[in-house]
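Before any comments, here is the structure.
The values are calculated or read from the model by the stated rules, or taken from the named source; none is laboratory data. Bear in mind the structure is a predicted one, so any value in this text is a computation, not a measurement. All Cβ positions, even for glycine, are placed from backbone atoms using ideal geometry, and neighbour counts span all protein chains on display.
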Amino acid sequence: MVEIVEKVDCPNCGAPLKIKAGEIVVTCEYCGTAVNLKADKPFVLSHSIIPNKYSQEEAVAAVKSWMRSGYAMPSDLAGRTQVTKADLVFLPFYVVTARASTTFRGVLTRTGGTKPVAETLTGEYEWTVLGRRSAAFPEREYKIPLSGKSSFDLSLVQGEFLNAELDENEARTLAEKGIEANQMYRIREKVDTVEESQTDIEIKDSEFLHAPIWFIEYQYQGSTYRVLLDGCTGQIITGDIPFGESTFPWVWLAAGAAIVIGILLILLL
């Protein structure tokens, strides 16, 4: 089986594919066909794209709006921030649709007694897997807007475009591991000790697509912070929040209020 192919022509249009080391699924820059190279003979993979709807200026404006929206933000964050980087990148993803069923047995002790629990926990999943090995990305925080997808069209590509370093089978394997871990997390919300568990996962489908992500960096009080923004919806995926002096009174006030409320609830029960 060929792991890295140095010279391959597109099976659809015959043009030479530009392949970088480590890439497994390569999109032809002439016709837009996605080609899986991790096989004895390269084959075409079904491919979708989610269009970018935000210009660089609009992406920066969305981040500034986010900076004004949270009580934990420094009050002067939006005004004193300097955006130093705003790059659009189309990242490769696999969305794996699956159903999981976990039969488990355990013991609940957090209520003060010892209560045996035996249940079957099910879940329906659309599990996101980033198709890159070398990039850290908050897959669980990113809800891919699948309603906005369309068949892959090269004319919709803007900014940087990255090919996949994982094939569909590896993405499915990673999804299964992630889903099983999530099932166990849910089980531990029900019991304190898991004595036995068995998880069965049915993979229903997997889809390969590219989605637009804005990588934004800003400086505030001499430090650099990063924000990821969904280029289709304008939603913040994750964002670093600096803790300036103006933030702390609100944080401590909220924490103190939560402690007081918790104590009152305990006394009333």
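Would you call residue 222 surrounded by fewer than 19 Cβ atoms within 10 Å (Cβ to Cβ), of a type outside the set (D, E, K, R), in the same structural domain as residue 96 (by TED's automatic domain parsing) and under 18 Å from the mean Cα position of the chain (by Cα)? So residue 222 does not fit the description; no. Residues in segment 103-138 that are closer than 13 Å to residue 197 by Cβ and either of a type in the set (S, T, N, Q) or without any contact (Cβ under 8 Å) to a residue 60 or more places away in the chain (or both): 103, 118, 120.
Can you say whether residue 248 is in contact with a helix residue (DSSP H, G or I) (Cβ under 9 Å, 6 or more places away or on another chain), modelled with pLDDT under 95 and surrounded by fewer than 13 Cβ atoms within 10 Å (Cβ to Cβ), as far as the supplied structure shows?
So residue 248 fails the test.
Check off (1) under 29 Å from residue 63 (Cβ atoms); (2) surrounded by 16 or more Cβ atoms within 10 Å (Cβ to Cβ) for residue 133 and give me the number that stays unchecked. Looking at each condition in turn, residue 133 falls short on (2).
Strands (runs of 3 or more DSSP E) fully within segment 180-245 that include at least 3 residues being farther than 28 Å from residue 96 by Cα: 193-220, 223-230.
On the basis of being surrounded by fewer than 20 Cβ atoms within 10 Å (Cβ to Cβ) and under 27 Å from residue 199 (Cβ atoms), does residue 68 make the cut? No, not satisfied. Among the conditions (1) closer than 30 Å to residue 239 by Cβ; (2) part of a strand (DSSP E or B); (3) of a type in the set (D, E, K, R), the only one that residue 99 does not satisfy is (1). When 44, 83, 60, 35 are screened for being assigned to a strand (DSSP E or B), out of contact with any helix residue (DSSP H, G or I) (no Cβ under 6 Å at 6 or more places or on another chain), surrounded by 14 or more Cβ atoms within 10 Å (Cβ to Cβ) and not basic (Lys, Arg), only 35 passes. Could you list all residues from segment 160-179 that are surrounded by fewer than 16 Cβ atoms within 10 Å (Cβ to Cβ) and either outside any strand (DSSP E or B) or out of contact with any strand residue (DSSP E or B) (no Cβ under 6 Å at 6 or more places or on another chain) (or both)? 169, 173, 177, listed by residue number.
The C-beta contact set for segment 41-59 (first residue closer than 16 Å to residue 230 by Cβ, second residue assigned to a loop (DSSP other than H, G, I, E, B) and of a type in the set (S, T, N, Q), distance under 7 angstrom, 6+ apart or interchain) comprises 52/158. For the criterion of being surrounded by 12 or more Cβ atoms within 10 Å (Cβ to Cβ) and over 15 Å from residue 95 (Cβ atoms), residue 198 fails.
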